[in-house]
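The values are calculated or read from the model by the stated rules, or taken from the named source; none is laboratory data. Predicted, not measured: the structure shown is a model, and the values here were computed from it. No Cβ is skipped: glycine too gets one built from the backbone with ideal geometry, and neighbour counts run over all protein chains shown. Note: accessible area is taken over every heavy atom of the protein model, side chains too, but ligands, DNA and RNA are not part of it. Shrake-Rupley method; radii C 1.70, N 1.55, O 1.52, S 1.80 Å.
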Amino acid sequence: MFFASLRRLRHTTGVRLTLWYCGAFMVSTLAVLSVAYFLLASTLQRKDREAIQLQLQQCLLAYQRGGVAAVENEIATQKNQAGKIVFFVRVADQDRHTLSMTIPSKWERFDLSQLDVEHEGKPQKWMQIPARGEDEVLEVASSRLPDGVLIQVGLSTEEREDVLEDFLGVLAGIVLPVMLVGLGSGAFFAMRALRPLRALTQTLQSILSTGQLTARASVRATGDELEELSALFNRMLDRIEVLIVGMRSALDNVAHDLRTPMTRLRGMAEMALQEHGRGEGAHAALANCIEESDRILAMLNTLMDISEAETGAMRLDLQPVRVREVVAQVVDLYADVAEDKGVTVSLAIPEALCIVADPNRIQQVFANLLDNAIKYTPPHGAVTISGEQHDYQVILTVVDTGMGIAAEDLPRIWDRLYRGDKSRSQRGLGLGLSLVKAVVHAHQGEVTVCSQPGGGAQFSLSFPSVSSS
């Protein structure tokens, strides 16, 4: 059980972030320390070579003043001042015979036979002579005078190697603390970075365990991507909650709207069964049954049309359409209804106004808009349908002088099965405007509404014109 928990822990994001941070921290730290080591080594080597060059110059000047004896006197003077001989100094004639050589103590381990090795017939300016069986090196600089005398000055790298070895010891001593600091820092930053994700996880667990969508993730004012993720998550929950509330309301409306016609169907069927040979009553009952069945089918077909339009699955027979001709057919269809209610319907669309659309679907759109306008416009009111070309858009409007739409209902009139008339005094499915919006969007158009209670309503539809399509 314990090892299983460890294996699960190993695959968690927090552990991976900690290890990645620790690895990056260690690599960067080792890189910095390596650079420091090489800088120190190169600096020490440069200092040693500068000291060798300076000693070589002093020996050359001493030889020019008094020959080999002056060089030996120069070395002896330095020994008296420092208490020990630091530099190796050799003076040789042009035949490589040693005239004078000063060797510090314990330097006999260097292979001095390599001092006479020449490169392309000339003595090498810099030579590195290794010690026998050790890692030390004797660095030697050479210079030949005009009379053929060769002066060579060298310095052991023993002290430099000791310093570098001590530095490596210090580096080795701080590797473990650096690793511990990296792990601790990685764990700390990983926990802080994943805090919003843990909050999201806790919020999801709360929702899953309680079934309540009221829980929200805390959003910290950090301005990073995880804060944006938490904010988007909360917005998604808000949207889901609104959709669920809307679905429940829609289901309630469907239940209400279907229960009434189904009750009527049952009552009429029972009435027809009780007629016992009286054909007229049975015939009327069955006719009412058909009417209610058509109402139910109309609701279901409209719901399917809306779904197809919203998902892009609606088949459209697109063709150039003269808007006035299509809308005039709808106006003729509702002429009797408008006349019975005393509502005047006028058409103000230019003959030449044309769009690319499915004429049958456009008729559906204006039939629903005109039906609503007549239904909610009192007697002696007016409904006006107009259109105009505006740049690359065709703008069509349906304006009535009816009761208007309440401000709280305006954002929801496009929802399926939403009825602004809470009393349901007006017969309808609550799907007309939802179908209007879906069909208009399927034609790459837009629909908007402006209204206020008692001031009528204006529905504006915009479609791409024939020239822009």
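Test of understanding: among SER113, SER142, which residue is modelled with pLDDT of 75 or more and under 24 Å from ARG49 (Cβ atoms)?
Numbers: SER113 fails: modelled with pLDDT of 75 or more.
Just one listed residue meets the conditions, SER142.
Tally time: how many residues in segment 300-316 are within 14 Å of GLN364 (Cα to Cα) and in contact (Cβ under 8 Å) with a residue 24 or more places away in the chain?
7
Name the pairs: first residue in segment 30-46 and within 23 Å of VAL181 (Cβ to Cβ), second residue open to solvent by 80 Å² or more (accessible area, probe 1.4 Å) and in a helix (DSSP H, G or I), Cβ to Cβ under 6 Å, at least 6 apart or on different chains?
Between residues of segment 30-46 that are within 23 Å of VAL181 (Cβ to Cβ) and residues that are open to solvent by 80 Å² or more (accessible area, probe 1.4 Å) and in a helix (DSSP H, G or I), there is no close pair.
Looking at segment 416-442 only, could you name the residues that are crowded, with 20+ Cβ neighbours inside 10 Å, touching a Phe, Trp or Tyr at 6+ places or on another chain (Cβ under 8 Å) and modelled with pLDDT under 85?
Scanning segment 416-442 gives a single hit, GLY430.
Provide a single number: the residues in segment 192-222 that are assigned to a helix (DSSP H, G or I), within 21 Å of THR18 (Cα to Cα) and open to solvent by less than 40 Å² (accessible area, probe 1.4 Å).
Here is the first cut: in segment 192-222, the ones assigned to a helix (DSSP H, G or I) are 192-193, 195-210.
When the remaining residues are screened for being within 21 Å of THR18 (Cα to Cα), the result is 192-193, 195-201.
Narrowing the set further to residues that are open to solvent by less than 40 Å² (accessible area, probe 1.4 Å) leaves 196, 199-200.
So the count comes out to 3.
Starting from residues that are within 19 Å of LEU316 (Cβ to Cβ) and open to solvent by less than 30 Å² (accessible area, probe 1.4 Å), keep the ones in segment 443-469 and report whichever is modelled with the lowest pLDDT.
Step one: list which residues in segment 443-469 are within 19 Å of LEU316 (Cβ to Cβ), which gives 443-447, 461-466, 468-469.
Add one more test, that the residue is open to solvent by less than 30 Å² (accessible area, probe 1.4 Å), and what stays is 443, 445, 447, 461-463, 465.
On the way: HIS443: 91, GLY445: 93, VAL447: 93, LEU461: 94, SER462: 94, PHE463: 94, SER465: 82.
Here the residue is SER465.
Each row is one residue, and each column tells you yes or no for (1) in a helix (DSSP H, G or I); (2) at pLDDT 85 or above; (3) open to solvent by 30 Å² or more (accessible area, probe 1.4 Å).
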| position | (1), (2), (3) |
| --- | --- |
| LEU17 | yes, no, yes |
| TRP20 | yes, no, yes |
| ALA24 | yes, no, yes |
| SER34 | yes, yes, yes |
| GLN55 | yes, yes, no |
| THR77 | yes, no, yes |
| VAL86 | no, no, yes |
| LYS106 | no, no, yes |
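If you check LEU286, LEU265, LEU273, which single one turns out to be modelled with pLDDT under 70 and more than 30 Å from ASP358 (Cα to Cα)? Steps first, answer last, please.
Numbers: LEU286 fails: modelled with pLDDT under 70; LEU265 fails: modelled with pLDDT under 70.
Exactly one residue qualifies, and that residue is LEU273.
In segment 145-191, how many are touching a residue at least 24 places away in the same chain (Cβ under 8 Å) and not in a helix (DSSP H, G or I)?
Count: 12.
Which condition from (1) assigned to a loop (DSSP other than H, G, I, E, B); (2) modelled with pLDDT under 85 is the one that PRO411 breaks?
If we test PRO411 against (1) assigned to a loop (DSSP other than H, G, I, E, B); (2) modelled with pLDDT under 85, just (1) comes out false.
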